[in-house]
Amino acid sequence: MPTISTKGLLMPESPIRKLVPYAEQAAKDGKFIYYLNIGQPDIKTPEAALKAVRENDVEILSYSKSEGSGAYRKKLANYFKIHDIDVDSKDIVVTTGASEALLFVFGSIMDPDDEVIISEPFYANYIAFSTASGVKVVPIVSKIEDNFALPSIEAFEKLITPKTKAILICNPGNPTGNLYSKEEIQKLTAIVKKHDLFLIADEVYREFVYDGETHYSIMQEKEIEDHAIMIDSVSKRYSMCGARVGCLVSKNKSVIQTVIKFAQARLSPPTYAQIASEAALDTPRSYFDEVIAEYIGRRDTLISELNKIEGIKVSNPKGAFYCVVELPVKNSDHFAQWLLEEFDVNGETVMVAPAGGFYSTPGLGLNQIRIAYVLKKESLIKAVNILKEALKVYKD
Ligand SMILES: Cc1ncc(COP(=O)(O)O)c(C=O)c1O
């Protein structure tokens with residue numbers, strides 16, 4: 001039989017989705033499942049976006065430009081300006097989700113065996129994108145005890161080799177919920193300038209920042225215009241995960257020209273979804289005020305309920321809608337599967353994401369899970385109670 005590639009063998013399974021068959025079986029068996037495993041918000045998509053698709057009179061659903069519709073890119077540039085990010089439409093390439101933007105960046109700036117330093121735990125698909133590009137992820141550990149703050153400059157510098165091409169951050173962080181301060185971004189600025197590296201920032205959770213904090217983008221650091229590449233998406237901002245529209249932003253013209261070659265090879269981003277995304281940009285500020293108030297309420301409920309469980313540690317998320325929880329278990333993969341296969345409270349159970357897949361250092365995160373607070377408060381309270389009861393009887 002013909003064999004598949006080494007790269008194919010190395011592609012990791014998604015730690016978020018790999019438990020799906022067990023969840024499907026549990027649901028078939030009649031269990032009700034609280035899904036805390038995936039960042040699919042239950043928040044309504046803005047009406048303007050849905051209406052733009054419902055009511056448009058497109059007769060030929062044609063390709064758009066490879067770099068994305070001109071009108072959408074112009075409006076996006078205005079949106080960024082409102083967020084103190086001074087970019088032009090020429091600096092933006094529209095992609096099929098942030099996922100494709102990340103793949104294009106990896107392909108555009110790194111050769112096989114080049115290295116990218118990423119603070120772990122990190123969004124698990126970064127491993128998949130780097131594997132697909134033959135790039136090596138070099139992890140730098142951030143700790144739950146420090147609320148996943150940025151590691152020191154010295155720790156970064158120890159990892160920089162002639163193969164290092166970039167540092168990748170996620171701000172606000174998935175899975176940590178961490179928000180990097182302006183000072184932390186400036187530390188990174190100093191490192192990438194000194195060592196002539198790219199700084200890639202995945203800012204798809206930009207809007208979701210709590211406790212009166214503000215988000216500081218790498219694009220606000222003028223000194224590193226040629227180093228900075230920002231990744232963005234409508235998936236979380238407007239609860240439009242299924243639209244599959246993201247973008248990549250950089251002032252570095254060679255980066256944009258190269259990314260456009262990748263974009264040309266896949267022809268264009270989705271046309272209807274760009275219509276929806278453009279309309280979504282008219283979403284009033286009040287929508288975000290309500291959504292953010294909802295997430296703060298959920299976060300506070302979740303963290304206070306979790307803190308009632310003995311023997312666990314919880315990070316204190318300042319942004320996005322995730323938190324990492326350390327449990328008194330040896331293997332959270334097994335625990336998560338057991339919750340679906342063997343445990344319930346009155347016919348209900350929870351699905352969580354084991355955190356091992358968010359680390360690339362073997363053995364780290366095995367006693368941690370990631371919880372996405374994408375459910376209403378009442379459901380979160382019930383879900384945490386199920387976790388609490390489960391930990392009373394679970395044996396490693
Ligand atoms: C940090 C981060 N980056 C990128 C993505 C992918 O986003 P998209 O749906 O735009 O491809 C996600 C999705 O969960 C994410 O959490």
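When you restrict to C-alpha pairs under 8 Å that are six or more residues apart and normalise by the size of the range 1-91, the relative contact order lands at 14 percent. In whole percents, the pair-distance distribution calculated for the chain from its alpha-carbon pairs, binned every 20 Å from zero, is 27, 58, 15, 0. For the options A293, A320, A353, a Gaussian network treatment of the chain with springs between C-alpha atoms closer than 10 Å singles out A293 as fluctuating the most. Treating each Cα of the range 89-218 as an identical point scatterer and ignoring solvent, apply the Debye formula and state log10 I(q)/I(0) at q = 0.09, 0.13, 0.14, 0.18 Å⁻¹. The Debye formula, applied to the Cα set alone, gives -0.24, -0.52, -0.61, -1.04. The DSSP beta bridges internal to the chain are antiparallel in roughly 45% of cases. Under the classification rounded if a/c is under 1.5, otherwise prolate if a/b is larger than b/c and oblate if not, where does the range 1-155 fall, given a ≥ b ≥ c as square roots of the Cα gyration tensor eigenvalues? Rounded shape, in that the Cα axes give a/c under 1.5.
Within the listed set S108, S133, S304, the residue fluctuating most in the Gaussian network model of the chain (springs between alpha-carbon atoms under 10 angstrom) is S304. Note on the range 120-149 and the range 261-300: Cα centroid distance 25 Å, given to the nearest whole angstrom. Quick one: helix 285-306 against the long Cα principal axis of the chain, what's the angle to the nearest 10°, folded into 0 to 90? Rounded to the nearest ten degrees, it is 30.
Relative to the compact-globule estimate of 2.2 N^0.38 Å, the Cα radius of gyration of the range 1-75 comes out at 1.81. Angle of helix 377-393 to the longest C-alpha principal axis of the chain, folded into 0 to 90 degrees and rounded to 10: 50°. Convex hull volume of the Cα atoms of the range 298-391, normalised per residue: 93 Å³.
Against the compact-protein benchmark of 2.2 N^0.38 Å, the Cα-based radius of gyration of the range 148-267 scales to 1.11.
Charging the Cβ of each Asp and Glu at -1 and of each Lys and Arg at +1, and nothing else, the dipole of the chain about its Cα centre rounds to 360 debye.
Since every read-out is calculated from the coordinates, none of them should be taken as a lab result. Treat the numbers as computed from the prediction; the structure is a model and nothing was measured. All Cβ positions, glycine included, derive from the backbone under ideal geometry; neighbour counts span all protein chains shown.
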